[in-house]
Amino acid sequence: QLDSRMFYFNRDFRNGGTNISPKGKKNGYDEELGLGFKARYQSGFTQGTVGVGVDAFGLQSIKLDSGGGRHFGGAAFFGEKSNGKARNNASQAGAAVKARISSTTLKYGRQTDVDMPVFSMDDSRLLQETSTGFLVTSEEIDGLQLNAGHFTQLSDLNQVRGDSAGLKNIDFVGGNYAITDDLNVAYYYADADLDENAGNTFGYKSSKKHYLGADYHYDLAADQALDFDFNFYRTKFNNRGKSNDRNKAWSLAAAYTIDAHKFTVGHQRISGDTGYKYGYDGGGSIYLLNDVQRNSFIGEDENSWQVRYDLDMGKFGVEGLNLMTRYVRGSNVKTAEGNHNGKNWERDIEAGYTFQQGAAKDLNIRVRQATYRASHLGNVDTDEVRVIVNYPLSIL
């Protein structure tokens with residue numbers, strides 16, 4: 001399987017921002033265009049009591065447009081040159097061996113498809129994160145999936161180095177259970193050792209994280225349904241030998257679907273000694289409602305609400321076209337001055353279309369626009385546009 005992705009990224013800092021060109025001029029915006037390729041090979045398993053196989057991947061990014069002060073820390077591309085400019089291209093490859101006994105699989109090596117609430121590879125930019133370690137997945141009991149893993153390397157979204165995310169190692173265990181066809185529950189625990197000098201580990205030496213989640217689906221009628229989604233994290237950080245920092249984060253969402261329309265409302269709350277921290281355990285390890293396009297609304301003591309509307313245009317004869325808009329408002333954020341006056345909001349609009357037939361069948365185009373405003377320092381007002389074109393190709 002070969003997946004190609006063209007990614008256009010524009011982030012306009014409305015108050016000037018900090019993006020500085022080689023000549024020292026503040027442009028106040030990021031703008032990059034890149035092309036990425038991901039080749040994947042997944043074998044089956046050999047015959048016998050113990051089946052073995054191999055999974056392999058190759059990643060390649062190509063810079064199409066960036067520079068002149070428009071590159072800001074690798075917004076879309078893998079890595080930077082020593083002068084702070086985006087690399088013209090970058091590549092990464094890896095493989096993992098796997099073994100299966102009954103319904104239990106052990107995989108070891110470089111991986112791209114790890115997706116747990118406490119350790120998850122992010123795929124929201126030009127090319128995705130990768131990690132090195134082992135993962136055990138067991139489905140011996142009907143409806144129950146158990147996972148355990150030990151990983152020693154993680155590449156950040158804009159880096160090719162395997163140890164670029166500040167993670168020394170992480171151990172996790174947990175699983176999810178389908179109590180009924182409509183009710184699922186999950187629990188995971190992770191223990192991570194961190195490089196306290198890395199920028200995205202926030203000065204912490206280690207973290208211990210618990211996750212609890214549940215989702216429920218209820219059919220009201222043939223074309224009507226209710227969905228509920230709950231997520232909860234409790235994290236303890238070792239803060240350079242000082243007193244430990246603790247954090248709790250939870251979100252609850254309710255969605256009502258009627259024919260082509262889906263209406264969602266939800267609440268998210270952060271409490272403790274610090275805001276919710278993630279990234280050292282993968283950029284996707286945030287199963288919270290208000291982790292949206294520009295912001296995640298995870299400031300210290302922050303409370304936030306979301307309303308969202310989705311429209312499936314396939315119900316009106318335009319198969320493959322989906323529209324979405326949402327609005328999130330946060331308040332009670334603890335600021336650098338020690339008060340709780342911080343406020344912020346974000347409005348997102350998204351349109352996505354997947355071609356249903358012809359030479360471009362399965363080609364997907366998404367246009368995403370976000371407007372973000374904040375009253376407290378460290379949260380720069382931003383207007384953002386992303387255009388993402390994905391085209392999967394079968395090469396075998």
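Per-atom-type breakdown for the chain gives carbon and sulfur 52% of the accessible area (1.4 Å probe, protein chains only). Computed with a 1.4 Å probe over protein heavy atoms only, the accessible surface of the chain comes to 48 Å² per residue. Computed on protein heavy atoms with a 1.4 Å probe, the accessible areas place Arg125, Arg326, Arg240 in the order Arg240, Arg125, Arg326, largest first. Sorted largest first, the spans of the alpha carbon positions of segment 171-233 along the three principal axes are 55, 21, 12 Å. Three principal axis extents describe the C-alpha atoms of segment 131-197; from largest down they are 45, 21, 18 Å.
The Cα atoms of the chain give a gyration tensor whose axes a ≥ b ≥ c have a/c under 1.5, which makes the shape rounded. Packing order of peptides 128-137, 253-262, 33-42, highest average first: 128-137, 33-42, 253-262 (average count of other Cβ atoms within 10 Å over each peptide's residues). Within the shell defined by Cβ-Cβ distances under 15 Å, the residues around Leu135 carry a net charge of -3, with Lys and Arg each +1 and Asp and Glu each -1. Annotation: amide H of Gln159 within the under-5 Å range of Gly79, sequence separation 5 or more or interchain, hydrogens built in the peptide plane.
Once a ≥ b ≥ c are taken as the square roots of the eigenvalues of the Cα gyration tensor of segment 276-318, is the result rounded (a/c under 1.5), prolate (a/b larger than b/c) or oblate (a/b not larger than b/c)? Oblate. When the chain is modelled as a GNM with alpha-carbon springs shorter than 10 Å, which of Asp281, Asp163, Asp273 fluctuates the most? It is Asp273.
Determine the order of Phe230, Phe13 by accessible area, beginning with the largest, at a probe radius of 1.4 Å. It would help to have the intermediate numbers written out before the result.
Details: Phe230 65, Phe13 15 Å².
Largest accessible area first, the residues go Phe230, Phe13.
By the Kirkwood approach, averaging reciprocal distances over each pair of separate Cα atoms, segment 123-236 gets a hydrodynamic radius of 16.4 Å. Segment 92-159 and segment 254-298 have Cα centres separated by 23 Å. Within the shell of other residues whose beta carbon sits under 13 angstrom from the beta carbon of Leu154, the net charge comes to -4, with Lys and Arg scored +1 and Asp and Glu -1. Heavy-atom accessible area, probed at 1.4 angstrom with all protein chains present, ranks Glu300, Glu139 as Glu139, Glu300, highest first. Under 15 Å from the Cβ of Val387, count the other residues' Cβ atoms, weight Lys and Arg +1, Asp and Glu -1, and hand me the total. Around Val387, the charge tally is -3. Solvent-accessible area of Val333, all protein chains in place: 10 Å² (probe radius 1.4 Å, heavy atoms, ligands and nucleic acids excluded). For the residue pairs Lys38/Lys361; Lys98/Lys205; Lys208/Lys334, the alpha carbons lie more than 20 Å apart in Lys98/Lys205; Lys208/Lys334.
The values are calculated or read from the model by the stated rules, or taken from the named source; none is laboratory data. Values in this document were obtained by computation on a predicted structure and should not be read as measured data. Note that each Cβ is placed from the backbone with ideal geometry, even for glycine, and that neighbours are counted across all protein chains shown. Protein only, heavy atoms only, side chains kept; ligands, DNA and RNA dropped before computing areas. Shrake-Rupley method; radii C 1.70, N 1.55, O 1.52, S 1.80 Å.
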